[in-house]
1. Have a look at 130, 58, 109 and tell me which one the Gaussian network model of the chain (Cα, springs below 10 Å) gives the largest fluctuation.
2. How do 42, 47 rank by accessible surface area computed with a 1.4 Å probe, from largest to smallest?
3. May I ask you to give the percent of accessible area on the chain that is carbon plus sulfur, with a probe radius of 1.4 Å?
4. For region 1-105, which GluC sites (Glu not before Pro) are both in a DSSP coil and crowded by at most 11 other Cβ atoms within 10 Å?
5. GNM, the chain, Cα, under 10 Å: largest mean-square fluctuation among 93, 111, 36?
6. Just flag the trypsin sites (Lys or Arg not before Pro) in region 61-129 sitting in loop per DSSP whose Cβ has no more than 11 other Cβ atoms within 10 Å.
7. In the structure shown, do any of 2/115; 17/89; 17/97 have a Cα-Cα gap over 28 Å, and if so which?
8. What is the helix-to-structure angle for 37-46, meaning the angle in degrees between its Cα long axis and the longest Cα principal axis of the chain, kept from 0 to 90 and rounded to the nearest 10?
Amino acid sequence: MKKIGIISDTHSFWDEKYLHYFEPCDEIWHAGDIESVEVAERLAAFRPLRAVCGNCDGGDLRLMFPEVLRWKCEEVDVLMKHIGGYPGKYDPSIREKIMANPPQMFISGHSHILKVQYDRNLNLLHINPGAAGMQGWQRDRTLVRITIDGNMFRDAEVIKLAERGQGNLF
């Protein structure tokens, strides 16, 4: 059993709440647009980090993280890509890969729109944790926690860090 913290679109912004909410987690997964090596290193120093680069990530982050990542967590096949779309509207850059060999969990970011949605056609759980940073139009800064137990998903939690303009208030 593993408890996972899922975050995206930090856009160089650091919030100490990341560590507070990721304290019970075994791993952190970042779905791109980190935009800061320091943010990536701080997360990785706290918990094992899996991440993909996003469209706003520069050279150093592109060397550190791939554009697409696929792995097994417990018995769950996980696929993560920053620009990925969502069930029924997967992005053309990943659609073929998803359709040809659907994962059980697909993680994406980019839209800054929080979604935890089950794709009944492909039998997969899609998660976009929204945006945890200050950049963008979203009202709330969010992240997601979920437990993977064998091949089951449990205890999915959406965590509102703050309204976008509130910064590091705790």
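The values are calculated or read from the model by the stated rules, or taken from the named source; none is laboratory data. These numbers come from a predicted model, not from an experiment. No Cβ is skipped: glycine too gets one built from the backbone with ideal geometry, and neighbour counts run over all protein chains shown. When the accessible area is computed, the model is the full protein with side chains, heavy atoms only, and any ligands, DNA or RNA have been set aside. Shrake-Rupley method; radii C 1.70, N 1.55, O 1.52, S 1.80 Å.
1. Of 130, 58, 109, the most mobile in the Gaussian network model is 58.
2. If we order 42, 47 from most to least accessible, we get 42, 47.
3. That fraction is 49 percent.
4. Loop-located and lightly packed - 16, 75.
5. Per the Cα network of the chain with a 10 Å cutoff, 93 tops the list.
6. Passing sites in region 61-129 are 120.
7. Over 28 Å apart, Cα to Cα: 17/89; 17/97.
8. 80
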